[in-house]
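The values are calculated or read from the model by the stated rules, or taken from the named source; none is laboratory data. These numbers were taken from a predicted model, which means no experiment stands behind them. Don't worry about glycine lacking a Cβ; one is built from the backbone with ideal geometry, like all the others, and counts go over all protein chains shown. Ligands, DNA and RNA are stripped out before the accessible areas are found, and what is left, the full protein with its side chains, is counted by its heavy atoms. Shrake-Rupley method; radii C 1.70, N 1.55, O 1.52, S 1.80 Å.
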Amino acid sequence: MKATWFTRFAGAAGVVLMVAACGGGGGDDEGQAADTVRYLTSFNTFGRDAYAYVALEKGYFKDAGLNVDIKPGTGTVDAMKLLAGGRADFGIGDFTGTLITMAKEKLPVVAVGMVHQNSLAAIIALEEGGIRTPKDLEGRTIGDQPGSTVQVTFPVYAKAAGVDASKITFVPGAPPALPQLLASGSVDAIGQFVVGRGLIEKAAQGKKAVVLPYGEVLPDLYGNALLTSNTMASEKPEVVKRFAAALFKGLEYSIANPEESGEILKKYQPTQNAEVAAAEVRAMAPYVTAQGQTIGAVSRAKVEANIKLLTDSGAIPAGMTPEQVIDLSLTPQG
């Protein structure tokens, strides 16, 4: 694996980090206050978001002069609105959902790195329900958090998969409740990430799950992105770089040490199952390091391809450019 962006950035910006670095409690030996930032996970506190807690536990945020308050996220659209409104500083959102929401609502939010080089979005059902292919979703119900990436991106997925989206009903459900909604038969399927199979099968007491990944019909889409507000990006670029570097260092450590990451998540979120979390981290690893990219890196050409796909499918109007949705000057460089 290539040298981490955190290592290279820390070397290039050592003076900044020496001045800014301080304890998580709020100050260094000379009394210099840490930069306090508010961070939203992608979706609750499942194993797929353990890397943020790993960065906290391992002191990566502290070493970068940051005091980070981690809060459970509730999907891409909510994260973008909280960032735009100044109620959070960083958040994780699916990049496809970000593009679609940006086109509709013109929120002042920008991506500054990629967690996943390919999309993890998926529909998950149980084998006993008879759903085997995307076409089997017609006439069924899907439980999901309103504004989640799965729901926002579903029309694009349905079109690519040859599914009539008008024949499918989404049922609102909070992220922690979705596995049980499926297990109880309250819905026929749920919106999830592909890494959620273990979580679903545990909630269904060992019943086998069927996973319908968006990536099978939309292979060029990015997955989750690190988002921030335009204000933060323009006014505090060094904070953005330090935060992204520390977070992606946590991501790198997490996928290299899934069992430890599961235990760290459980330490901060006692209701989570460490083994299930570790399984999610292992399943996520190929998406983080796909195409041999530097962790967190972004390709302008691929962003352009994502925009073209959504434009061609009618999900967004023509005219969006990569510069409107991502700040390449702040992203990790391969």
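General observations
- Percent carbon-and-sulfur accessible area, the range 199-275, ignoring ligands, DNA and RNA, probe 1.4 Å: 47
- Once P(r) over Cα pairs in 20 Å bins from 0, in percent is calculated for the structure shown, the corresponding label among (1) 33, 58, 9, 0; (2) 27, 47, 23, 3, 0; (3) 31, 62, 7 turns out to be (1).
- Computed magnitude of the charge dipole of the range 158-309 (debye, nearest 20; Cβ of K, R +1, Cβ of D, E -1): 140
- Centre-to-centre, using Cα atoms only, the range 256-273 and the range 55-107 are separated by 21 Å.
- Lys208 accessible area, 1.4 Å probe, all protein chains in place, Å² to nearest 10: 120
- Order by protection proxy (mean Cβ within 10 Å, highest first), peptides 324-331, 119-126, 231-238, 209-216: 119-126, 209-216, 324-331, 231-238
- Normalised per residue, the accessible area of the range 72-135 is 29 Å², obtained with a 1.4 Å probe and no contribution from ligands, DNA or RNA.
- Cross-link reach list, aspartates and glutamates versus Lys159, counting only Cα pairs under 16 Å and skipping chain neighbours closer than eight places: Asp136, Glu138, Glu216, Asp220, Asp312
- Using a simple spin-label model with pseudo-atoms 7 Å out from Cα toward Cβ, Ser186 and Arg38 lie 2.8 nm apart.
- Pairs beyond 19 Å (Cα-Cα), from Lys241/Lys266; Lys81/Lys106; Lys62/Lys241; Lys167/Lys308; Lys241/Lys308: Lys241/Lys266; Lys167/Lys308; Lys241/Lys308
- Förster radius 22 Å - calculated FRET efficiency between Lys71 and Thr271, Cβ distance, rounded to 0.05: 0.90
- Förster-model FRET efficiency, 41 Å R0, Thr141 and Leu328, C-beta, rounded to 0.05: 0.50
- When +1 charges are put on Lys and Arg Cβ atoms and -1 charges on Asp and Glu Cβ atoms, the dipole computed for the chain relative to its Cα centre reaches about 340 debye.
- On a per residue basis, the range 179-334 carries 41 Å² of accessible surface, using protein heavy atoms and a 1.4 Å probe.
- Eligible lysines near Lys267 by straight Cα distance, threshold 16 Å, same-chain separation 8 or greater: Lys58, Lys71
- Value of [θ]222 nm, deg cm²/dmol, for the chain, DSSP H segments ≥ 4, -39500 (n - 2.57) each, nearest 500: -12500 deg cm²/dmol
- Per-residue SASA entry for Phe193, accessible area with 1.4 Å probe, Å² rounded to 10: 20
- Take every DSSP beta bridge whose two residues both sit in the chain; close to 60 percent of them are antiparallel.
- Given Lys236/Lys302; Lys135/Lys208; Lys104/Lys202, the pairs whose alpha carbons are separated by over 30 Å: Lys104/Lys202
- Sorting the segments 288-301, 64-77 by their residues' average number of neighbouring beta-carbon atoms within 10 angstrom, most packed first, yields 64-77, 288-301.
- Rounded to the nearest 0.05, the FRET efficiency derived from the C-beta distance between Asp164 and Glu304 at R0 = 41 Å is 0.85.
- Heavy-atom accessible surface of the range 41-92: percent carbon and sulfur, 1.4 Å: 42
- Heavy-atom surface analysis with a 1.4 Å probe gives the range 284-334 a carbon and sulfur content of 55 percent of its accessible area.
- The mean sequence separation of alpha-carbon pairs under 8 Å and at least six residues apart, normalised by the residue count of the range 179-334, gives a relative contact order of 21 percent.
- Put a dot 7 Å past the Cα of Gln205, heading toward its Cβ, do the same for Glu105, and the two dots end up 3.9 nm apart.
- Difference of contour (0.36 nm per residue) and Cα-Cα distance, Asp220 to Asn257: 10.6 nm
- Length added when fully stretched, Thr133-Thr311, from 0.36 nm per residue minus Cα-Cα: 61.5 nm
- For the chain, the relative contact order is 26 percent, taking Cα pairs closer than 8 Å that sit 6 or more residues apart in sequence and dividing their mean separation by the residue count.
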